[in-house]
Amino acid sequence: MIVKIAKIGGLALVFLLVAGISAYLALTLIIKSEDTVIVPDLEGKDVVYALEMMTELELNTKVKGSEYTAIIPKNHVVFQEPQAGSEIKKGRDVKIILSKGPRTVSMPNLIALSLQQASIILEENDMCQDKLSRTYHTRMEKDHIIAQVPVAGTVIPRGTCINLLVSKGTQPLAFKMPDLSGLTLEDALQAIEKANLIIGELKSAYQKSTPRNIIVEQEPVSGQRITIGSPVSLLINREPRKAGSGKLFGQTAGSLFSYRLDNGFLNRRIRISLNSAGFTSDIFDDFVKAGEEIWLLIPRDKEATLFLYENDRLIKTQTYDAY
């Protein structure tokens, strides 16, 4: 009886041992299958596609470097480690080498492209910009490519620097500078605006033998070749004011300027500009009702000239000495 019980107990023990081993092996295989993946074939694949695939498999992608190759396009995988088909755990690194494309490339056509577009294309082809020259052109837009060296289609090594000729746009019209000497400041300013020039620096000097308040010198001089939009500086014959004259209430901060519009029904655009030290800036620009009066404080730290425009027509100038 005892022997029989011992046999039954032994069989039960063997059964439990076998069941435990089987369960352990099964669990180990399950865990192992969950922690490992098969490395896919990345060679020849675009780097973006490779990165997306590695992310889905919970593997890390490490770029070891890049090399020129005539077979595999630029930014595609040339080599990988571990090789495709290898079984590795999730979270491990897969190292790749990327293609830089062929060592030589056909020079792209940059003619008529903007300088910004050309720079992008050069960068994409591992090229650089060398000399940049500019010239006027009757048909090519400003900042667009007129010519390139090497020319389009030339086979060149990557890394080559390219010379570009860029358009400055249509050349401004040129004409001879008119003679402003002997004119009053108002007449000279009207001639400057009519010629599509701009007012430069206004200075004054006193010459007893010359009529007062007329132009005695100009820059550019009469007959010089100039272009539209060029600045014109003038020297006006004015007798200097006595020290302390024209001060506002005994102060040296500035002088009051006033202007009253004629009576009427329509508002008028009044623009007042002040030229000082070669710079002209608007100090008032607004629509004003007929009959109203404008008051402005004019700084007197530097010699200045005031221009008043009514509906874009110059109607008044006034000069101020510094004190």
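Each reported figure results from applying straightforward, stated rules to the coordinates on display, with no laboratory input. Note that the structure is predicted; figures quoted are calculated from it, not measured. Glycine also receives a Cβ, built like all others from the backbone with ideal geometry; neighbour counts cover every protein chain displayed.
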Computed helical MRE - 222 nm, the chain, DSSP H runs ≥ 4 contributing -39500 (n - 2.57), nearest 500 | -6500 deg cm²/dmol
Those GluC sites (Glu not before Pro) in the range 96-199 that DSSP places in a loop and that have at most 13 other beta carbons within 10 Å | 141
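Taking 0.36 nm per residue of separation and subtracting the Cα-Cα distance, what length does fully extending residue 131 through residue 203 add? Intermediate results must be reported in sequence, preceding the final value.
Numbers: separation 72, 0.36 × 72 = 25.92 nm, distance 4.19 nm.
Fully extending the segment from residue 131 to residue 203 adds 21.7 nm.
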What size of dipole, in debye to the nearest 20, comes out for the range 42-149 about its Cα centre when the only charges are +1 on Lys and Arg C-beta atoms and -1 on Asp and Glu C-beta atoms?
-> 260
Simple Cβ-charge dipole of the range 104-167, Lys/Arg +1 and Asp/Glu -1, about Cα centre, in debye nearest 20 = 240
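Seen from all sides and averaged, what is the projected area of the convex hull of the Cα atoms in the range 174-237, in nm²?
Details: hull surface 14.8 nm².
Its Cα hull, projected and averaged over all orientations, spans 3.7 nm².
Which entries in the list 74/142; 203/289; 176/208; 131/168; 194/289 go over 24 Å, if you measure between the two C-alpha atoms of each?
Details: 74/142 33 Å; 203/289 34 Å; 176/208 30 Å; 131/168 16 Å; 194/289 28 Å.
Over 24 Å Cα-Cα: 74/142; 203/289; 176/208; 194/289.
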Cα→Cβ-extended label distance, 7 Å offset, between residue 184 and residue 116, nm | 5.0
Taking a point 7 angstrom from the Cα of residue 43 along the C-beta vector, which residues in the range 60-93 have backbone N less than 17 Å away?
-> 64-87
Only Lys, Arg, Asp and Glu count, each charged at its Cβ (+1, +1, -1, -1), so figure out the dipole size of the range 254-320 about its Cα centre, rounded to 20 debye.
-> 100
Name the residues whose placed amide hydrogens come within less than 5 Å of the amide hydrogen of residue 63, ignoring near sequence neighbours (fewer than 5 apart) on the same chain.
-> 96
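Using square roots of five times the C-alpha gyration tensor eigenvalues, list the equivalent-ellipsoid semi-axes of the chain in whole Å, biggest first.
Three semi-axes, in Å: 87, 33, 16.
Within the chain, what percent of beta bridges assigned by DSSP are antiparallel, to the nearest 5? Numbers along the way, then the final one.
Details: 55 of 74 bridges.
About 75 percent, rounded to the nearest 5.
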Placing +1 on each Lys and Arg Cβ and -1 on each Asp and Glu Cβ in the chain, then taking the dipole about the Cα centre, the residue among 102, 279, 155 whose Cα reaches farthest towards the positive end is 279
Cut-off under 5 Å, modelled amide H: who pairs with residue 127 long-range | 159
Radius of gyration and Dmax over the Cα atoms of the range 55-102, both given in Å | 11.8, 35
Hey, rough spin-label estimate for residue 58 and residue 109, points 7 angstrom out along Cα→Cβ, what's it come to in nanometres?
-> 5.3
Whole-angstrom Cα spans of the range 254-320 along principal axes, big to small = 38, 21, 16
For the range 104-110, in residue order, the Karplus 3J(HN,Hα) values (coefficients 6.51, -1.76, 1.60; θ = phi - 60°; whole Hz; Gly and Pro = x) are 10, 8, 7, 4, x, 8, 9
Can you tell me the FRET efficiency between residue 266 and residue 318 if r is taken as the Cβ-Cβ distance and R0 is 35 Å, rounded to the nearest 0.05?
-> 0.90
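Evaluate E = 1/(1 + (r/R0)^6) for residue 176 and residue 292, where r is the Cβ-Cβ distance and R0 equals 41 Å; express this FRET efficiency to the nearest 0.05. Please list the in-between numbers first.
On the way: r = 43 Å, r/R0 = 1.05.
Step by step, r from the Cβ atoms, then E = 0.40.
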Spelling it out for residue 183: with amide H atoms placed in the peptide plane at 1.01 Å from N, the residues 5 or more places away or on another chain with amide H under 5 Å from its amide H are 215
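What ratio of Cα Rg to 2.2 N^0.38 Å holds for the range 104-167? Kindly include the intermediate steps, with their values, before the conclusion.
Numbers: Rg = 11.1 Å, N = 64, 2.2 N^0.38 = 10.7 Å.
The reported ratio for this selection is 1.04.
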